[in-house]
Structure formats: C-alpha cells, structure tokens
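One structure is given below, encoded as structure tokens.
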Amino acid sequence: MNATSGASLWNYTIGNWVYSSPTISDGIIYVCSYDHRVYALNATTGMQIWNYTTRSCVYSSPAVAGGLIYVGSYDNKIYCLNAETGSQVWNYTTGGSVYSSPAIAGGLVYVGSTDHCFYALNATTGVLVWIYRTGDDVYSSPAVSQGVVYVGSNDHNVYAFGASSSTSKSTSSSSSKGTLMTTFGIIAVIVVITFVLIIAAKKRRKQHA
C-alpha cells in the first residue's frame with residue numbers, strides 16, 4: 001500500500017494464513033505462511049522471486065543478515081536460507097515447535113522453542129553455541145541491545161543473557177543460584193534463632209512456675 005494515501009499498489013496471494021511479519025532487505029520482501037513456505041517477493045512489483053517449503057506451518061518472522069535468512073518452523077527446525085536463491089544453507093532441530101522469530105547479533109542466531117529452551121547458534125554453520133532451559137515454552141522473540149539478549153518465557157519470567165558466549169550466560173545463571181542459596185541461608189538462620197528463643201522462653205516460664 002502507498003504509505004501516504006493507503007492506496008493498494010499490489011497484492012500477492014499465498015496458500016494459507018500469514019501470521020508472519022514481513023522483513024524487507026535490498027528490495028526484497030521475505031514473509032512466511034501457514035502453508036509451510038518462506039516467500040521472497042519483489043518489493044516493487046510483488047512478483048515471486050522464490051519460495052522454500054519447510055515441513056510444517058511457519059508463524060515465525062524471518063530475520064535477514066549477511067545475505068542469509070533465518071526463520072523458525074512448527075516442524076521444530078530453525079532454517080538458514082540463501083537470501084538471493086532460497087536454497088538451504090543449514091537447519092538445526094530443536095525439541096519443540098519454533099514460533100519465536102530469530103534475532104541476529106555478533107555472528108549468533110538467538111531463538112526460542114516450545115521445548116522450553118532458548119538457543120544461541122553460530123549464524124554461519126548452525127552449530128549450537130549455548131542453550132538455556134526456562135520453566136516453560138518460549139514463544140517470545142528475543143531482542144538484543146549492547147551485548148545483552150532479552151527474551152520472555154511462558155514461565156512468567158523475562159530473561160537477560162550475555163550475548164557473546166555461554167560463559168556469560170553461565171555466570172549469570174550461577175549468580176542467580178548463589179542469590180537463591182543466600183536467601184535460603186538467611187531464612188534458615190532466622191528459623192533457628194526463632195526456635196532457640198521459643199525454647200528459652202519456655203524454660204523461663206517453667207522456672208517462674
């Protein structure tokens with residue numbers, strides 16, 4: 001549509017529902033559909049350039065970086081496609097459906113899955129760099145800013161991870177565990193002190209009786 005007037009410039013009919021949000025790069029629109037496909041359309045004319053078929057419906061919105069497209073599918077996979085030709089470069093299989101839209105930063109692909117996990121993959125090879133298990137499905141699409149990755153989970157939490165390495169993630173996780181242990185330690189001390197005071201009070205009452 002014309003952004004000023006709202007007049008329709010063109011439309012392209014896809015085989016099923018389109019939950020995916022389009023991504024535009026170098027005059028090409030990339031968009032996905034419930035018909036299992038990823039489409040590349042000419043942004044000016046709406047003509048199809050190519051399409052790629054996954055093994056299930058695609059809710060995820062594509063991310064484009066360095067001439068490559070990254071997108072998740074309900075078939076449990078994250079796909080990397082050549083942006084010009086649509087040919088597959090690699091795919092990575094998660095343990096659940098991928099509704100999450102990938103984010104690309106620092107040579108890594110960040111994406112969530114309904115297997116409760118959040119993944120960081122090498123953007124060039126698709127090799128797993130690190131993985132973090134949350135308490136529930138991850139439908140949320142990650143955001144990256146100043147070396148930190150943010151993502152939500154159906155476990156009611158929003159998580160922040162060091163973007164560059166699993167070491168940063170692990171350090172953050174260890175810090176959380178340490179805080180939790182400290183909290184339990186304080187509670188235990190309070191319980192013990194309370195118990196001692198109750199016993200002492202009972203002894204004093206017996207002495208006065």
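Every read-out reported here was derived from the displayed coordinates using simple, explicitly stated rules and does not represent laboratory data. Everything quoted here is computed from the prediction, not taken from an experiment. Heads up, the Cβs are rebuilt from the backbone with ideal geometry, glycines too, and the neighbour counts pull from every protein chain shown.
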Checking rank on 21-28, 57-64, with mean other Cβ inside 10 Å and highest first, the result is 57-64, 21-28
Restricting to Cα pairs under 8 Å and 6 or more apart, the percent relative contact order of the stretch 23-164 works out to 13
Expected vector for the stretch 142-152, Karplus 3J(HN,Hα) from phi with 6.51, -1.76, 1.60 and θ = phi - 60°, integer Hz, x for Gly and Pro, equals x, 10, 10, 8, 6, x, 10, 9, 10, 7, x
extent check for the stretch 23-164: Cα max minus min per principal axis, descending, whole Å, gives 43, 30, 24
Non-local residues with an amide H under 5 Å from the amide H of S25, with H modelled 1.01 Å from N and Pro and chain starts lacking one, are Y30
Rg from C-alpha atoms of the stretch 37-112, normalised by the globular rule of thumb 2.2 N^0.38 Å, equals 1.05
Expected unfolding gain across S25-T45 under the 0.36 nm per residue rule, minus the alpha-carbon gap, is 5.7 nm
With a Förster distance of 35 angstrom and the Cβ-Cβ distance between S8 and V148, calculated FRET efficiency to the nearest 0.05 equals 0.30
Scoring the stretch 1-95 by relative contact order with C-alpha pairs under 8 Å, at least six apart, yields a percentage of 18
For I49, other-chain or 5+-apart residues with amide H closer than 5 Å (H placed, Pro excluded) are A40, L41, N42
